[in-house]
Amino acid sequence: MKRRNLVFLLAVVSVTAPVQAGTVVYTDSQHPPTGPDAGYQVVYLDAPEQLQRDIFGELSADSRQAEQQARAVLQSSGWQQKEQQIAQAYQGIIRAWKAGLKKYPAVVFDDHYVVYGTADVALAREKLAGFEGVQ
């Protein structure tokens, strides 16, 4: 499983994606964004793992059987689309790493200001405004 993750990550690193400024919520499926605020992007950091689990299912503990199961998925007609979905999910991981995030959930404003500990954009804006008012 770890080897497959590394292969996908290396494949994704070779693909460049434009970095967009604005508001981005980095979180996982256990901590979805809250609040009525709109106009922000959400990056689910557990998306690659969940996609791979959905695509490959539970692989056998027997390494030979697991290899056969994985090869069947890789050779399926819909594999290219699935591979693209996984690559896009890893782009979010790469963005979080490039942003230097230390933990999540986190709300990042304009690729510069980070508010940790919440996936609520309105609350993060309030905290940021309070911090900026102090300085």
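A few points about this structure:
- Looking only at residues in the stretch 50-71 that are assigned to a helix (DSSP H, G or I) and touching a residue at least 12 places away in the same chain (Cβ under 8 Å), the one that is nearest to SER29 (Cα to Cα) is GLN50.
- Within the stretch 42-54, restricting attention to residues that are within 11 Å of the chain's Cα centre (by Cα) and not charged (D, E, K, R), the residue that is surrounded by the fewest Cβ atoms within 10 Å (Cβ to Cβ) is GLN50.
- So ASP28, is it on the phi > 0 side of the Ramachandran plot, touching a residue at least 40 places away in the same chain (Cβ under 8 Å) and touching a strand residue (DSSP E or B) at 6+ places or on another chain (Cβ under 9 Å): no
- Any hit, the stretch 85-96, residues being of a type in the set (Lys, Arg), touching a strand residue (DSSP E or B) at 6+ places or on another chain (Cβ under 8 Å) and either surrounded by 12 or more Cβ atoms within 10 Å (Cβ to Cβ) or not in a strand (DSSP E or B) (or both): yes
Each value in this text was obtained by applying a stated rule to the coordinates, not by laboratory testing. Computed from a predicted structure; not experimentally measured. So basically every Cβ, Gly included, is an ideal-geometry build from the backbone, and we count neighbours across all protein chains shown.
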